[in-house]
Amino acid sequence: MSIDESTAARVAKLARIRVEEDALPALAAEFNTILGFIEQLNEVDVEGVEPMTSVTPMRLKRRQDAVTDGNQQDKVLANAPDAREGFFAVPKVVE
Amino acid sequence: MLDLTFEAPKPKVIAGAKYDWELVIGMEIHAQVSSKSKLFSGASTEFGAEPNSNVAFVDAAMPGMLPVINEFCVEQAVRTGLGLKAEINLMSAFDRKNYFYPDLPQGYQISQLYHPIVGEGEVIVDMGAGIARKVRIERIHLEQDAGKSIHDMDPNMSFVDLNRTGVALMEIVSRPDIRGPEEAAAYVGKLRQILRYLGTCDGNMQNGNLRADVNVSVCRPGDYERYQETQDFSHLGTRCEIKNMNSMRFIQAAIEYEARRQIKILEEGGKVDQETRLYDPDKNETRSMRSKEEAHDYRYFPDPDLLPLEIEQAWVDDIKATLPELPDEKKARFMSAFGLTDYDASVLTADVESATYFEAVAEGRDGKTAANWVINELFGRLKKDDHDITTSPVSPAQLGGIVDLIAKGDISGKIAKDLFEIVYTEGGDPAEIVEARGMKQVTDTGAIEAAVDEVIAANPAQVEKAKANPKLAGWFVGQVMKATGGKANPKAVNDLVSAKLGL
């Protein structure tokens with residue numbers, strides 16, 4: 001798998017990370033180095049091996065269906081750059 | 001064994017300017033799990049709360065917060081799967097679906113792309129007596145709902161409420177087995193009915209607790225059969241997805257519009273672009289949601305915060321043991337055990353409450369009479385007052401009492417309706433009311449005979465006319481009924497009048 005500059009630009013855009021035009025070649029090269037390194041894993045034969053999902057033999061923790069949280073509008077909104085009438089206020093998103 | 005056989009309905013055919021076309025429809029239904037708290041947090045799911053008050057830090061995606069799954073939600077997904085006769089996957093896993101939107105603070109939705117909890121099942125969609133479409137279910141997975149954005153409170157800002165963020169949804173994905181707008185609406189209706197029977201989703205479409213994404217494509221007659229034979233999608237047309245519909249009427253209108261739009265493009269030699277569209281009920285049209293296109297690259301990957309979800313077969317079996325009788329089985333049983341028509345059985349099994357009510361009335365009585373009274377008198381009266389069956393002022397025991405009085409011959413059908421109105425508005429025991437208010441039908445032939453004699457003696461001219469024209473006997477019957485306050489047994493009166501007049 002090889003990442004070119006336009007793919008790097010697209011990934012950056014999807015992740016909402018601004019990357020200047022002239023930084024793209026270096027970014028693409030870095031992606032390729034990382035992917036190339038990981039690619040080595042493909043050389044391992046894992047036929048019939050169950051994927052390991054955790055290093056400890058744990059079962060997914062579950063909780064009962066009870067309301068134990070919430071009612072903290074002020075705290076939820078505390079870090080918002082703008083909040084009005086209990087809502088987060090964000091720049092207009094038009095469909 | 002109950003008879004659950006049926007014939008497939010004909011697909012809808014739309015005549016274009018040049019050719020005939022058929023529709024192919026698949027649906028993704030988002031059904032909100034009827035849980036008290038969210039899928040991965042302990043915040044309430046209650047509708048209509050103050051904005052951002054039902055929000056845990058997990059829902060607001062505060063750094064360092066970790067999701068913990070709500071076991072009840074898992075149970076409801078399994079229960080739904082079992083209700084749709086689907087395979088349950090004892091091992092499923094959660095993935096992150098990445099996209100940016102202000103009402104999605106995590107920047108991703110936790111969903112189940114690669115290993116859903118429920119596999120293939122089916123829904124039988126009734127389209128009239130003995131006609132039904134079998135719609136295959138591809139999968140059901142658990143996922144988080146997003147928040148709500150409000151765009152019309154300020155000209156320059158959008159307002160975001162995270163109360164719905166993280167509420168558990170079951171996404172129920174069908175195969176493209178639906179062949180027309182009416183079938184699509186009926187499919188949603190049937191699924192909603194099953195979910196409500198199971199109690200896993202309240203089915204409230206107005207509040208958005210049940211919403212549908214509809215995939216529509218068109219093809220020429222014969223193409224769909226080729227697809228069914230081979231399961232090769234290349235026989236079908238390019239589909240468009242109409243997002244987020246929460247009204248049966250709009251679903252039908254949107255499909256109709258969208259099919260015609262695609263037909264026009266194809267007949268003019270164009271090509272349908274695969275895209276996401278939004279239905280505008282005010283203009284009755286669908287339009288492209290270009291903003292969603294780029295976001296379609298979701299870069300799914302397994303959620304590292306959550307271990308795979310492993311459940312035990314014994315637990316699934318326990319859930320299965322608590323499943324209620326479902327609509328198809330209940331309807332078939334009502335038809336065979338009570339001799340009801342397809343239509344009456346459908347009406348009475350539309351929801352569990354109506355079915356339970358009817359069964360209580362029909363128990364030990366004539367099923368057809370009970371069905372008539374529940375459907376025609378009770379439902380009609382409740383509708384007039386905007387009541388539903390759960391708030392009916394007449395209990396099954398009271399209605400049963402009325403049916404008993406008719407069966408015994410104590411009251412006529414006409415008096416029964418008056419009695420029903422009294423019970424409905426004033427309450428009370430029907431038998432006692434009949435006794436106390438002297439509503440009992442007179443079956444004593446002596447008393448009726450006396451009334452008949454009186455009417456005949458008082459109207460010699462009418463007697464002559466009736467002898468010449470036997471149809472006029474009805475007038476005497478009417479007079480006798482009037483004289484007895486409607487309490488005389490109409491059949492007895494009829495017989496006596498005919499005999500006395502020598503007809």
Next item on the list: Within the stretch A:1-29, work out how many residues are open to solvent by 90 Å² or more (accessible area, probe 1.4 Å) and more than 22 Å from residue B:107 (Cβ to Cβ).
Entry: 6
Next item on the list: Answer yes or no: is there a residue in the stretch B:104-122 that is in the same structural domain as residue B:91 (by TED's automatic domain parsing), open to solvent by 20 Å² or more (accessible area, probe 1.4 Å) and within 18 Å of residue A:81 (Cα to Cα).
Entry: yes
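Residue by residue, here is whether (1) open to solvent by 70 Å² or more (accessible area, probe 1.4 Å); (2) under 19 Å from residue B:415 (Cβ atoms) holds:
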site	(1), (2)
B:442	no, yes
B:448	no, yes
B:453	no, no
B:459	no, no
B:472	no, no
B:476	no, no
B:483	yes, yes
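When you check residue B:493 against the structure, is it at pLDDT below 85 and open to solvent by less than 50 Å² (accessible area, probe 1.4 Å), yes or no?
yes
Could you tell me how many of the residues in the stretch B:307-321 are facing another protein chain (nearest Cβ under 10 Å) and free of Cβ contacts under 8 Å to residues at least 24 places away in the same chain? Can you show your working first?
Our first condition is that a residue be facing another protein chain (nearest Cβ under 10 Å); within the stretch B:307-321, this holds for B:307-311.
With free of Cβ contacts under 8 Å to residues at least 24 places away in the same chain added as a condition, the list becomes B:307.
Here the count works out to 1.
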Margin query: Checking the structure you have, find out if any residue of the stretch A:48-68 is among the small types (Gly, Ala, Ser), modelled with pLDDT under 95 and farther than 30 Å from residue B:71 by Cβ.
Written below: yes
Next item on the list: Name every residue in the stretch B:185-214 that is under 16 Å from residue B:122 (Cβ atoms) and among the aliphatic types (A, V, I, L, M), in order of residue number.
Entry: B:186, B:188, B:191, B:194, B:195, B:198
Notebook entry, point to check: Of all residues in the stretch B:166-187, which are open to solvent by 10 Å² or more (accessible area, probe 1.4 Å) and in a loop (DSSP other than H, G, I, E, B)?
Noted result: B:175, B:176
Notebook entry, point to check: Which residue pairs have Cβ atoms closer than 6 Å, lie 6 or more positions apart in sequence or on different chains, and pair a first residue in the stretch B:140-155 that is facing another protein chain (nearest Cβ under 9 Å) and open to solvent by 10 Å² or more (accessible area, probe 1.4 Å) with a second residue that is assigned to a strand (DSSP E or B) and hydroxyl-bearing (Ser, Thr, Tyr)?
Noted result: B:149/B:158; B:151/B:158
Note to self: Filter the stretch B:412-425 down to the residues that are modelled with pLDDT under 90 and open to solvent by less than 60 Å² (accessible area, probe 1.4 Å) and list them by number.
What the structure shows: B:412, B:413, B:415
Margin query: So, residue B:380, is that one open to solvent by 70 Å² or more (accessible area, probe 1.4 Å) and either in contact with a Leu (Cβ under 6 Å, 6 or more places away or on another chain) or within 21 Å of residue B:430 (Cα to Cα) (or both) or not?
Written below: no
Note to self: So if I check each of B:409, B:428, which one is assigned by TED's automatic domain parsing to the domain that holds residue B:384, modelled with pLDDT under 85 and either closer than 24 Å to residue B:375 by Cα or surrounded by 13 or more Cβ atoms within 10 Å (Cβ to Cβ) (or both)?
What the structure shows: B:409
Check: What is the number of the single condition among (1) polar (S, T, N, Q); (2) touching a Cys at 6+ places or on another chain (Cβ under 7 Å); (3) over 30 Å from residue A:76 (Cβ atoms) that residue B:80 does not meet?
Finding: (2)
Notebook entry, point to check: Which number in (1) within 24 Å of residue B:125 (Cα to Cα); (2) among the β-branched types (Val, Ile, Thr); (3) open to solvent by 60 Å² or more (accessible area, probe 1.4 Å) marks the one condition that residue B:391 misses?
Noted result: (1)
Note to self: I'm checking my understanding of the structure. Among residues of the stretch A:79-95 that are farther than 13 Å from residue B:151 by Cβ and open to solvent by 70 Å² or more (accessible area, probe 1.4 Å), which one is farthest from the other protein chains (Cβ to nearest Cβ)?
What the structure shows: A:81
Check: In the stretch B:478-491, how many are under 46 Å from the mean Cα position of the chain (by Cα) and assigned to a helix (DSSP H, G or I)?
Finding: 5
Check: Out of B:47, B:72, which single residue is surrounded by 15 or more Cβ atoms within 10 Å (Cβ to Cβ), farther than 30 Å from residue B:122 by Cα and under 26 Å from the mean Cα position of the chain (by Cα)?
Finding: B:47
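Out of A:41, A:35, A:24, which single residue is touching a residue at least 24 places away in the same chain (Cβ under 8 Å) and assigned to a helix (DSSP H, G or I)? I'd like the intermediate steps shown before the answer.
Values: A:41 fails: touching a residue at least 24 places away in the same chain (Cβ under 8 Å); A:24 fails: touching a residue at least 24 places away in the same chain (Cβ under 8 Å).
After ruling out the rest, the residue left standing is A:35.
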Note to self: Suppose we keep only residues that are touching a Pro at 6+ places or on another chain (Cβ under 7 Å) and within 24 Å of residue B:405 (Cβ to Cβ) within the stretch B:330-374. Which one would you say is most open to solvent (accessible area, probe 1.4 Å)?
What the structure shows: B:360
Check: Looking only at the stretch A:59-76, which residues are within 16 Å of residue B:49 (Cα to Cα), outside any loop (DSSP other than H, G, I, E, B) and facing another protein chain (nearest Cβ under 7 Å)?
Finding: A:69, A:73, A:76
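The values are calculated or read from the model by the stated rules, or taken from the named source; none is laboratory data. Please read these numbers as outputs of a predicted model, since none were measured by experiment. Cβ: placed from backbone, ideal geometry, glycine included. Neighbour counts: every protein chain shown. Just so you know, the surface numbers come from the protein's heavy atoms only, side chains and all, with ligands and any DNA or RNA stripped out. Shrake-Rupley method; radii C 1.70, N 1.55, O 1.52, S 1.80 Å.
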